[in-house]
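A quick write-up on the structure given underneath.
Values quoted throughout were computed directly from the atomic coordinates according to the rules given, and no laboratory measurement underlies them. Keep in mind that what you see is a predicted model, and the values were worked out from it rather than measured. Reconstructed Cβ throughout: ideal geometry from the backbone, glycine too, with neighbour counts over all protein chains shown.
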Amino acid sequence: MANTYFIALGSRANGFYDQITGITVARGEKVEITEKQRNTKKIQMALNAGALQLVQPDTEVKALSEADIKKLDKKIKDKFDKGVTIDKICSNLTMDQAEALAKLNEIEVEKDDTIVDIIKAIVDDSKEE
């Protein structure tokens with residue numbers, strides 16, 4: 001049986017997808033890969049660059065740390081101030097990230113809110129301050 005490894009996102013990535021192997025890694029997710037998959041060029045490059053990291057099978061992977069959310073909040077507000085559209089800002093966000101940003105900014109998320117609705121409320125709220 002081939003050796004297996006577990007990978008998770010590193011601090012330099014919000015997500016990872018390798019089209020050749022079909023491996024997708026999201027925040028807070030731990031994925032089992034084979035030695036052959038680990039030795040592919042894209043995964044090796046991601047491991048070396050810090051976008052992916054090898055983890056132990058029993059390691060619990062945090063989805064989003066408070067520091068990550070604060071960095072993301074600042075990044076989004078800076079992009080908006082520079083004229084980037086809300087749709088463009090939201091294109092790289094997940095719903096979990098948007099909800100965490102809303103919590104940080106003390107904005108209540110309703111059941112039918114989209115990522116765009118949440119980010120729009122956050123940047124509108126920051127303009128008022």
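For residue 29, the conditions (1) within 29 Å of residue 117 (Cα to Cα); (2) surrounded by fewer than 11 Cβ atoms within 10 Å (Cβ to Cβ) all hold with the exception of (2).
The set of residues from the stretch 75-120 being within 23 Å of residue 28 (Cβ to Cβ), in a loop (DSSP other than H, G, I, E, B) and among the hydrophobic types (A, V, I, L, M, F, W, C) comprises 93, 107, 109.
Residue by residue, here is whether (1) surrounded by 13 or more Cβ atoms within 10 Å (Cβ to Cβ); (2) closer than 30 Å to residue 3 by Cβ holds:
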site: 48; (1), (2): no, yes
site: 57; (1), (2): no, yes
site: 80; (1), (2): yes, no
site: 84; (1), (2): no, no
site: 89; (1), (2): yes, no
site: 94; (1), (2): yes, no
site: 100; (1), (2): yes, no
site: 116; (1), (2): yes, no
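In this structure, residue 71 does not satisfy being on the phi < 0 side of the Ramachandran plot, without any contact (Cβ under 8 Å) to a residue 24 or more places away in the chain and in a loop (DSSP other than H, G, I, E, B). Listed conditions (1) under 17 Å from the mean Cα position of the chain (by Cα); (2) of a type in the set (Ser, Thr, Tyr); (3) not in a strand (DSSP E or B) are all met by residue 59, apart from (1).
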